[in-house]
1. Considering 180, 133, which residue is buried (at least 18 other Cβ atoms within 10 Å of the Cβ), under 19 Å from the mean Cα position of the chain (by Cα) and not in a strand (DSSP E or B)?
2. So which of 76, 57, 120 ends up being under 30 Å from residue 165 (Cβ atoms) and surrounded by 13 or more Cβ atoms within 10 Å (Cβ to Cβ)?
3. Do we find that residue 158 is under 28 Å from residue 126 (Cβ atoms) and in contact with a helix residue (DSSP H, G or I) (Cβ under 7 Å, 6 or more places away or on another chain) in this structure?
4. Considering only residues of segment 183-212 that are surrounded by fewer than 15 Cβ atoms within 10 Å (Cβ to Cβ) and touching a strand residue (DSSP E or B) at 6+ places or on another chain (Cβ under 7 Å), which is modelled with the lowest pLDDT?
5. Taking the residues in segment 162-177 that are within 18 Å of the chain's Cα centre (by Cα) and assigned to a helix (DSSP H, G or I) as candidates, determine which candidate is surrounded by the most Cβ atoms within 10 Å (Cβ to Cβ).
6. Give just the number: which of (1) under 17 Å from residue 3 (Cα atoms); (2) touching a helix residue (DSSP H, G or I) at 6+ places or on another chain (Cβ under 7 Å) does residue 179 not satisfy?
7. Quick check on segment 94-117. Is at least one of its residues over 23 Å from residue 35 (Cα atoms) and touching a residue at least 24 places away in the same chain (Cβ under 8 Å)?
8. Looking at segment 36-81, which of its residues are in a helix (DSSP H, G or I), within 27 Å of residue 198 (Cβ to Cβ) and touching a strand residue (DSSP E or B) at 6+ places or on another chain (Cβ under 8 Å)?
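The values are calculated or read from the model by the stated rules, or taken from the named source; none is laboratory data. Given the structure is predicted, the values throughout are model-derived calculations rather than measurements. For neighbour counting, all protein chains shown are included, and Cβ atoms are generated from backbone atoms with ideal geometry for every residue, glycine included.
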């Protein structure tokens with residue numbers, strides 16, 4: 001487990017959209033959360049490398065398959081940037097903050113941390129719940145990556161906006177959220193520049209992790 005929450009993805013995407021000349025902000029925002037809406041398949045393109053000793057996300061494979069879509073359609077750019085953000089997030093909590101997901105209950109406690117800071121993230125980054133689901137989504141080539149339960153996922157996100165929990169976080173703090181959002185925003189802007197200027201993009205091998 002090493003993925004950012006959907007609201008953190010939205011906050012990063014909203015900051016990026018203030019500087020990136022997007023064509024369709026709804027498709028950009030939907031793409032930015034879409035990988036987490038999968039209920040089957042390999043939506044994050046996880047793959048093994050180095051004779052099965054390490055795992056990573058196949059960013060190069062996604063670019064090879066969908067590069068023209070990434071450059072032309074914000075849904076695909078948002079999806080790709082979600083994978084980039086998760087790569088950096090995993091490195092952030094495991095290597096910078098020594099996260100241990102193997103200790104019993106830690107994953108559930110981390111999810112509760114996300115719920116506890118949701119309202120902070122919403123207010124700090126002035127997020128609004130305006131994402132809509134396109135009727136023609138079943139025709140998108142992205143569906144080859146998995147089966148997506150979009151309506152249920154958007155309903156869960158609506159609950160994120162409405163829920164007001166109180167309590168003390170266990171591991172993931174507001175300060176950590178702010179730190180990662182700022183960091184990931186800069187990394188994503190660099191990635192967008194590389195994509196649109198035909199430069200070298202993020203090498204998934206550099207952030208690969210040992211299989212557990």
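1. Step by step, each of 180, 133 is checked, and only 180 is buried (at least 18 other Cβ atoms within 10 Å of the Cβ), under 19 Å from the mean Cα position of the chain (by Cα) and not in a strand (DSSP E or B).
2. The unique qualifying residue is 120.
3. no
4. Filtering first and then ranking leaves 211.
5. 177
6. Every listed condition holds for residue 179 apart from (2).
7. yes
8. 61
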